[in-house]
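Undergrad: Got a structure for you, written out below as structure tokens; questions coming shortly.
The values are calculated or read from the model by the stated rules, or taken from the named source; none is laboratory data. Being a predicted model, the structure only gives us computed values, none of them experimental. Here the Cβ positions follow ideal geometry from the backbone for every residue, glycine too, while neighbour counts run over all protein chains shown. Heads up: the accessible areas ignore ligands, DNA and RNA and are worked out on the full protein's heavy atoms, side chains in. Shrake-Rupley method; radii C 1.70, N 1.55, O 1.52, S 1.80 Å.
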Amino acid sequence: MPFLMALLESLSNQFVIEKALLTTQALLEHVAPLSWKVHVLDTAGFTQFVEKLTHLVTYHESQDIRSLSTAILREFYLRFDREGRCMFIRCQLNTSQHDSVRGFWITQLKEELNQVAGTRSQEMYQKSNLTSLLNMILRLENGVETDLLESYHCLVSGLNLLRFILLRNCKELDAAWLQKMSENFVSPLRKGLQLSRAHYELEFKTVQSERELPVDEKQHSLSVGNLKPSTLTMKKEEKLVIIRMALTKFDMMESLLVRTEEILDKI
């Protein structure tokens with residue numbers, strides 16, 4: 001592990017990082033899934049290695065490295081037993097702030113809930129254990145003013161998870177928690193979507209009606225998902241494409257929200 005950590009520290013050498021990742025992947029093939037106990041999470045070297053993998057997933061400039069790191073991170077997670085997986089996800093949700101990383105672990109939680117359904121391991125996701133996880137996921141940092149595009153992956157994954165639980169395991173969520181969740185998450189998200197959509201639809205009309213400026217006069221600031229430059233020089237059609245991308249993401253979130261609200265109304 002220390003040797004692999006040293007290789008991963010070679011941030012400027014993609015070849016060395018890739019070799020370290022491939023070596024890790026090969027070693028994991030010799031470890032059976034569900035074989036590591038939860039106490040492995042407390043090992044200092046292990047924690048540091050997972051943190052390094054998460055950093056590569058989030059920040060490395062190479063898509064190949066990010067994808068390989070994501071696959072290996074998941075393989076690490078799958079080597080734990082059911083209790084270890086539950087704690088692994090909880091730790092990642094506690095420490096990860098990046099939208100796509102949090103979305104990834106929320107998806108893993110949904111898959112785990114599906115796998116343990118009807119088994120004794122399901123007890124780890126009952127009542128307060130389940131709601132404490134959901135409280136970490138179903139939240140809007142700034143209420144209705146939350147940047148929904150920056151939180152897109154987390155929100156989509158969270159809504160998918162919530163809908164899954166409401167359909168499969170609703171009895172684990174009491175009425176008081178559901179009411180509070182609706183007030184603190186569902187309602188503000190609905191309002192936030194309305195405000196965000198209105199803003200981008202207005203922006204779309206504004207851009208549509210503007211005249212095409214000479215290249216040296218074009219300056220337009222926009223934010224969509226992870227794309228957040230202070231100033232962008234672009235053609236009119238390029239601006240419209242970015243705005244359409246944002247509106248499409250709002251459509252996806254609203255579709256999931258509507259289906260979730262329909263289930264909540266029947267409970």
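Undergrad: What residue, of 264, 247, 257, is at pLDDT 50 or above, aliphatic (A, V, I, L, M), closer than 13 Å to residue 200 by Cβ and not in a loop (DSSP other than H, G, I, E, B)?
TA: That would be 247, the only listed residue that is at pLDDT 50 or above, aliphatic (A, V, I, L, M), closer than 13 Å to residue 200 by Cβ and not in a loop (DSSP other than H, G, I, E, B).
Undergrad: Kindly indicate whether any position in the range 75-88 is within 15 Å of the chain's Cα centre (by Cα), modelled with pLDDT of 95 or more and aliphatic (A, V, I, L, M).
TA: No; the residues of the range 75-88 include none that is within 15 Å of the chain's Cα centre (by Cα), modelled with pLDDT of 95 or more and aliphatic (A, V, I, L, M).
Undergrad: Let me ask something else. Assuming residue 207 fulfils every condition listed in (1) of a type outside the set (Gly, Ala, Ser); (2) part of a helix (DSSP H, G or I); (3) open to solvent by 70 Å² or more (accessible area, probe 1.4 Å); (4) modelled with pLDDT under 95 apart from one, which condition is it?
TA: Going through (1) of a type outside the set (Gly, Ala, Ser); (2) part of a helix (DSSP H, G or I); (3) open to solvent by 70 Å² or more (accessible area, probe 1.4 Å); (4) modelled with pLDDT under 95 one by one, residue 207 breaks only (3).
Undergrad: Then there is this: Could you say whether any residue in the range 2-14 is modelled with pLDDT of 90 or more and either open to solvent by 80 Å² or more (accessible area, probe 1.4 Å) or among the aromatic types (Phe, Trp, Tyr) (or both)?
TA: no
Undergrad: Oh, and also: Looking at residue 232, is it at pLDDT below 55 and under 15 Å from residue 148 (Cβ atoms)?
TA: Spelling it out, it is not the case that residue 232 is at pLDDT below 55 and under 15 Å from residue 148 (Cβ atoms).
Undergrad: Given the conditions (1) touching a helix residue (DSSP H, G or I) at 6+ places or on another chain (Cβ under 8 Å); (2) modelled with pLDDT under 95, which single one is not true for residue 55?
TA: (1)
Undergrad: Based on what the data block shows, is residue 183 in contact with a helix residue (DSSP H, G or I) (Cβ under 7 Å, 6 or more places away or on another chain), more than 18 Å from residue 156 (Cα to Cα) and modelled with pLDDT of 90 or more?
TA: no
Undergrad: Within the range 141-183, can you find the residues that are assigned to a loop (DSSP other than H, G, I, E, B), open to solvent by less than 80 Å² (accessible area, probe 1.4 Å) and within 18 Å of residue 92 (Cα to Cα)?
TA: The one that is assigned to a loop (DSSP other than H, G, I, E, B), open to solvent by less than 80 Å² (accessible area, probe 1.4 Å) and within 18 Å of residue 92 (Cα to Cα): 151.
Undergrad: Of the residues that make up the range 59-71, is at least one assigned to a helix (DSSP H, G or I), touching a His at 6+ places or on another chain (Cβ under 6 Å), closer than 30 Å to residue 253 by Cβ and open to solvent by less than 50 Å² (accessible area, probe 1.4 Å)?
TA: Looking for residues that are assigned to a helix (DSSP H, G or I), touching a His at 6+ places or on another chain (Cβ under 6 Å), closer than 30 Å to residue 253 by Cβ and open to solvent by less than 50 Å² (accessible area, probe 1.4 Å), one finds none in the range 59-71, hence no.
Undergrad: Examine the range 81-104 for a residue that is open to solvent by less than 20 Å² (accessible area, probe 1.4 Å), within 26 Å of residue 148 (Cβ to Cβ) and of a type in the set (Lys, Arg), and state whether such a residue exists.
TA: Yes, there is a match, as at least one residue in the range 81-104 is open to solvent by less than 20 Å² (accessible area, probe 1.4 Å), within 26 Å of residue 148 (Cβ to Cβ) and of a type in the set (Lys, Arg).
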